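The values are calculated or read from the model by the stated rules, or taken from the named source; none is laboratory data. Quick caveat, the model's predicted, so the values are computed rather than measured. Positions of Cβ are generated from backbone atoms using ideal geometry, with glycine treated the same way; all protein chains shown enter the neighbour counts. Please note that ligands, DNA and RNA were not included when accessible areas were found on the heavy atoms of the full protein model with its side chains. Shrake-Rupley method; radii C 1.70, N 1.55, O 1.52, S 1.80 Å.
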Amino acid sequence: MIGKPPVVCLLGPTGTGKTAAAIAVSRRTPASVVNFDSRQVYCDFPVITAQPDAEERAACPHLLYGFLPTQEKMSAAMFVKLAVQAIGEVHARGRLPILVGGTGLYLRSLLRGIAPIPEIPVDIRQRVLDRIGKEGPQSLYAELQHDDPEYAAIIHPNDTQRNARAAEVFLATGKTMTWWHQNSAHTPAPFDTVKVGVFIDLDALAPRLAERIDAMLAAGALEEARGAWERCPDPDAPGWSGIGCAELLEHLRGGVSLDEAKAQWVKNTRAYAKRQITWFRKEEGIDWFAPGQDEAVADHVLRWLEGRDG
RNA sequence: GCUCAGGUAGCUCAGUCGGUAGAGCAGGGGACUGAAAAUCCCCGUGUCGGGAGUUCAAUUCUCUCCCUGAGCA
């Protein structure tokens, strides 16, 4: 068949059991899991970022997990490049790729394309960061209002990251964010996708998240953080920004008790799950299932696959 | 038992020289194009511990009771 190759997207907030559902699918048809979670790429934090364990990884091939050191930066564009490559490999082996993760931006960038803005030279980036550190985002925003009023209307004066991004892109390329967004060919995904979501509401999810953090601590989360700190003693390194990593590091460096760190960890995880829910709520064409309905997810995916062939 | 300090939003506290009150955190909603587990926006009525007194008016002043903490016995 000549149509676009199939890709399953398995999404939802953290801690809903997406990995288990993916493995259920893999038991019914040859499949490989491809990660689209921005934190599970870090090799120093397998426990804290809830990467699939050895047993789960033995069930079927898992790609794009735990390959990046803590000091290395991950980005949406880099993810798209790696994911396209990984999905190609899975197809080449005659298997079904199942994208599993919770980073909405990464999935959207893969499926809808991302503006092909060139890499920003480090000195330009640094200059912008220095400025924003000294003057705050507002002075960059004032310039943005002049250079790119359309984009200024979309972002907020207090948004440090987006103001920095808009400034560095304009400085480095001479083109505005709006220009890049409008004049970039948005390549739609060259895949035939089905989107399956796993969801329960926050009040039901919260206790599960707290339990999972207890399990992580029992599984050696604190030792994991200690080891990572020995390898990468830079709290600003990209890998340390994961929820749980930062809180445990705070404790290890003597700032707070373990109980306090844990409380913060639970709190931040819940807030994160809420943001994910907000993101996925407006993503279109998702078929939703409850946690644990792994066979129903598998049935759904299998039916979709058969429908494609017929 | 005595002295002092407190009792104000789910939590920590601010404040009202007497005109019924507001921050941070939590919580809710939202945005999102190379940091996204990031970054950011919007949302604040609560017997101001109970009762009584003074007053046109008390959460604010006075008295009393209850509770908490510290100190002294």
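For the stretch A:82-112, a residue qualifies if it is out of contact with any strand residue (DSSP E or B) (no Cβ under 6 Å at 6 or more places or on another chain), within 14 Å of RNA strand B (Cβ to nearest atom) and not in a helix (DSSP H, G or I), and the qualifying residues are A:GLY102, A:THR103.
For the stretch A:284-302, a residue qualifies if it is in a strand (DSSP E or B), out of contact with any Gly (no Cβ under 6 Å at 6 or more places or on another chain) and surrounded by fewer than 20 Cβ atoms within 10 Å (Cβ to Cβ), and exactly one does: A:ASP287. The listed residues are A:PHE45, A:PHE79, and the only one of them that is at pLDDT 95 or above and either on the phi > 0 side of the Ramachandran plot or outside any helix (DSSP H, G or I) (or both) turns out to be A:PHE45.
Residues that are away from RNA strand B (no atom under 11 Å from the Cβ) and either within 11 Å of A:ALA77 (Cβ to Cβ) or free of Cβ contacts under 8 Å to residues at least 24 places away in the same chain (or both) within the stretch A:113-123 comprise A:VAL122, A:ASP123, listed in sequence order. A:GLY66 fulfils the conditions (1) at negative phi; (2) open to solvent by 20 Å² or more (accessible area, probe 1.4 Å) except for a single criterion, (1). Checking A:THR269, A:THR193 one by one, the residue that is under 19 Å from the mean Cα position of the chain (by Cα), away from RNA strand B (no atom under 13 Å from the Cβ) and open to solvent by less than 70 Å² (accessible area, probe 1.4 Å) is A:THR193 and no other. Among the numbered conditions (1) outside any helix (DSSP H, G or I); (2) open to solvent by less than 60 Å² (accessible area, probe 1.4 Å); (3) touching a strand residue (DSSP E or B) at 6+ places or on another chain (Cβ under 8 Å), the only one that A:VAL256 does not meet is (3). Quick check on A:VAL90: is it crowded, with 16+ Cβ neighbours inside 10 Å, over 22 Å from A:LYS195 (Cα atoms) and among the β-branched types (Val, Ile, Thr)? No: the conditions fail for A:VAL90. When A:ARG125, A:ARG131, A:ARG112, A:ARG165 are screened for being under 27 Å from the mean Cα position of the chain (by Cα), more than 26 Å from A:GLU283 (Cβ to Cβ) and among the basic types (Lys, Arg), only A:ARG125 passes.
The set of residues in the stretch A:58-69 being out of contact with any Phe, Trp or Tyr (no Cβ under 6 Å at 6 or more places or on another chain) and within 13 Å of RNA strand B (Cβ to nearest atom) consists of A:LEU64, A:TYR65, A:GLY66. Annotation for the stretch A:27-36: at least one member residue is within 10 Å of RNA strand B (Cβ to nearest atom) and either closer than 29 Å to A:ALA271 by Cβ or under 17 Å from the mean Cα position of the chain (by Cα) (or both).
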